[in-house]
Ligand SMILES: Cc1cc2nc3c(=O)[nH]c(=O)nc-3n(C[C@H](O)[C@H](O)[C@H](O)COP(=O)(O)OP(=O)(O)OC[C@H]3O[C@@H](n4cnc5c(N)ncnc54)[C@H](O)[C@@H]3O)c2cc1C
């Protein structure tokens, strides 16, 4: 019997495996993807300064930062709303930080984690898909799809598969925002200088994140409008985009890689079941408005590694251990979910009654340094 089986060695499961590399434990990780590949395309992840510190501790950051174009620091975030007053700028220098956050290539991060894992004694089984995870008081069984072999047995199963679908017995809450995110790469006539833009429009929030030599665009809209924007010519697309940003951002030059995905909030009501815990996107998938989702997942992984290391082998996966872990993560997790969902509510509606206080909020945020600092800290580290 293994001490722990990690289902999914993506950025979150991989970070957990790395954090456990020096522990005297028998740990196996499975990933459905082939060695060296990803199944998630090359999306851009918004990484907080806190998440960077975790990847530094895991010795992933230096390799990642050395990869050309893999990491782009965000020096400043300009937050505004279309058709209303109130603008605020969050600045790294004011916070005494090297950067407010980072835009990181998913593929590069995964490669850096895989390389780091290859130097440890943790066994990763690539190309192996968990079909189901079923806990009992004695142990947990992980059935493998296809001809990958007999089910694995462990004291603890950690599910970091990005969806949580493999696990029985974890109830999930879902909220469909009835909007989609249109993402694209946008070239500019001038360098981005590390400045990110977040803009709240009547149709929903949009963001421009500095990424290598271009901006990564995240634009929320209805599915119908997204269809039209996907089909629009580049010139038409850039004209509508420029109109949305008004005078705040000018100089849009090119657009590439337009794609959409539906926006929903989905989270496990409880992250633990018998001898099983879910972390990362399997535990909570958030609206990208505040860039909190991935960072919460990284903190899940790091905190779980602490909990596993502090637990005697015989007690791994016990109800007591899992309840203590769930309690330890509760505040950060619910604060991240509520903060993100609250922002979507505050900023995704255009009722004049909301637009005015929203402008006040942005103006106040800019005028009152401690509040601005608190908001920045929330965006950077999470809310616990
Ligand atoms: C469409 C989409 C777009 C996104 N865009 C952004 C963005 O622009 N910026 C941002 O910050 N965040 C974005 N996110 C969120 C971000 O991708 C996640 O926060 C992050 O990927 C979570 O990492 P994870 O390791 O928990 O899950 P994942 O990245 O999903 O990794 C899960 C891993 O588990 C493996 N796996 C899956 N099922 C099984 C199984 N049954 N058995 C074995 N292995 C399995 C997969 O191969 C994968 O390697 C987006 C999410 C989605 C869904």
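Any read-out appearing in this document is the output of simple, stated calculations on the displayed coordinates, not a laboratory observation. As the structure is a prediction and not an experimental result, all values here were calculated from the model. So basically every Cβ, Gly included, is an ideal-geometry build from the backbone, and we count neighbours across all protein chains shown.
Centre-to-centre separation between the Cα atoms of the stretch 21-69 and those of the stretch 78-146: 7 Å. Reducing the stretch 243-259 and the stretch 178-209 to their Cα centroids gives an inter-centroid distance of 7 Å.
When the helix-only estimate is applied to the chain (DSSP H runs of n ≥ 4, each -39,500 (n - 2.57), divided by the residue count), what is the mean residue ellipticity at 222 nm, nearest 500 deg cm²/dmol?
Taken over the chain, the calculation gives -11500 deg cm²/dmol.
At the listed q of 0.16, 0.20 Å⁻¹, the Debye profile of the stretch 69-154, built from one uniform point per Cα, gives log10 I(q)/I(0) equal to -0.83, -1.02. With contacts taken as Cα pairs under 8 Å and at least 6 residues apart, the stretch 19-153 reaches a relative contact order of 32 percent.
Mind ordering 296-305, 180-189 by average Cβ neighbours within 10 Å, highest first?
Working: 296-305: 25.1, 180-189: 19.0.
Output ranking for 296-305, 180-189: 296-305, 180-189.
Each peptide in 230-237, 17-24 receives the mean, over its residues, of other Cβ atoms within 10 Å, and ordering these scores from highest gives 17-24, 230-237.
Each listed q (0.06, 0.09, 0.10 Å⁻¹) maps to a log10 I(q)/I(0) for the chain from the Debye sum over equal C-alpha point scatterers, namely -0.24, -0.53, -0.66. Summary value for the chain: 22 percent relative contact order, contacts being C-alpha pairs under 8 angstrom separated by 6+ residues.
Sorting 55-61, 191-197, 102-108 by average packing, meaning the other beta carbons within 10 Å per residue, from highest down gives 102-108, 55-61, 191-197.
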